[in-house]
Amino acid sequence: MAVEVCVKAADGAPDVLGDCPFSQRVLMTLEEKKVPYKMHLININNKPQWFLEVNPEGKVPAIKIDDKWIADSEVIVDLIEKKYPNPPLSPPPEVASVGSKIFPAFVKFLKSKDPNDGTEQALLDELKALDEHLKAHGPYVNGENITAVDLSLAPKLYHMEAALGHFKGWAVPENLTHLRNYMKLLFSRESVQKTKPAKEYVIAGWKPKVEA
Ligand SMILES: N[C@@H](CCC(=O)N[C@@H](CS)C(=O)NCC(=O)O)C(=O)O
């Protein structure tokens with residue numbers, strides 16, 4: 001039975017892949033494992049009835065595997081791993097949460113209107129910790145092979161780069177060389193290239209939150 005996956009459509013462009021990092025994570029996982037899938041682009045401002053019937057909470061991503069719909073990227077990625085174990089992407093527990101505080105720190109800094117409130121430094125601290133981890137263990141978080149930790153981080157780092165570059169003229173500092181190389185390595189992977197939203201949609205997606 002074919003795998004079907006519901007992901008976010010771009011705001012104002014219902015036929016174009018949108019800017020949901022959780023959706024991208026699931027698509028990248030399917031791509032890395034070479035699982036064929038049928039993609040449904042969901043306009044989250046006008047959700048189709050059939051989507052709400054199979055997924056009443058109404059969030060994307062959602063996936064249909066073995067004729068059953070499942071939501072939440074974390075649950076979905078675990079399920080894909082069980083059903084399609086090759087190549088294995090489960091990280092060992094000791095690296096499972098590496099980089100996990102970057103996304104909330106990025107969002108706080110992005111929304112901040114006070115340059116002295118410490119949110120930039122808090123993000124820099126998280127990025128520096130990842131840079132040091134990569135220096136010791138890289139090129140990926142768990143070494144030579146990509147794992148689910150990298151697939152979770154890649155869309156978030158892509159959003160961080162696009163949104164902070166646009167709204168704050170900010171970039172990852174040059175001295176974080178391991179992190180910068182990691183981002184290049186990740187963003188050049190076919191699974192990212194095939195599933196990434198255009199930067200303009202990432203920026204448009206964050207705009208209301210920045211201006212709130
Ligand atoms: N924890 C969820 C978060 C999913 C999520 O927040 N999806 C957003 C788009 S990025 C969404 O569906 N928003 C529409 C809504 O909440 O109605 C996951 O990891 O899948």
Relative contact order (percent) for the chain, with alpha-carbon contacts under 8 angstrom and 6 or more residues of separation? 24 percent
As a check on your grasp of the helix formula, calculate [θ] at 222 nm for the chain: sum -39500 (n - 2.57) over DSSP H runs of n ≥ 4, divide by the residue count, round to the nearest 500. -15500 deg cm²/dmol
Using a 10 Å cut-off on Cβ atoms, rank the peptides 16-29, 177-190 from the highest mean neighbour count down. 16-29, 177-190
Run through all the Cα pairs of region 39-89 and give the fraction in each 10 Å bin from 0, expressed as whole percent. 24, 50, 21, 5
What is the ratio of the Cα radius of gyration of the chain to 2.2 N^0.38 Å, where N is its residue count, to two decimals? 1.03
Over region 119-212, what is the relative contact order in whole percent, taking alpha-carbon pairs under 8 Å and six or more residues apart? 30 percent
Just round it to a whole percent: the fraction of Cα-Cα distances in region 3-83 exceeding 22 Å. 16 percent
For a distance above 18 Å, tell me the whole-number percent of Cα pairs in region 93-211 that qualify. 50 percent
Please report, in whole Å³, the volume per residue of the convex hull around the C-alpha atoms of region 1-49. 77 Å³
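Only the coordinates and a few stated rules stand behind these numbers; no lab work does. From a predicted model like this one, the values you see are computed outputs, not experimental measurements. Glycine gets a Cβ as well: all are built from the backbone with ideal geometry, and neighbour counts include every protein chain shown.
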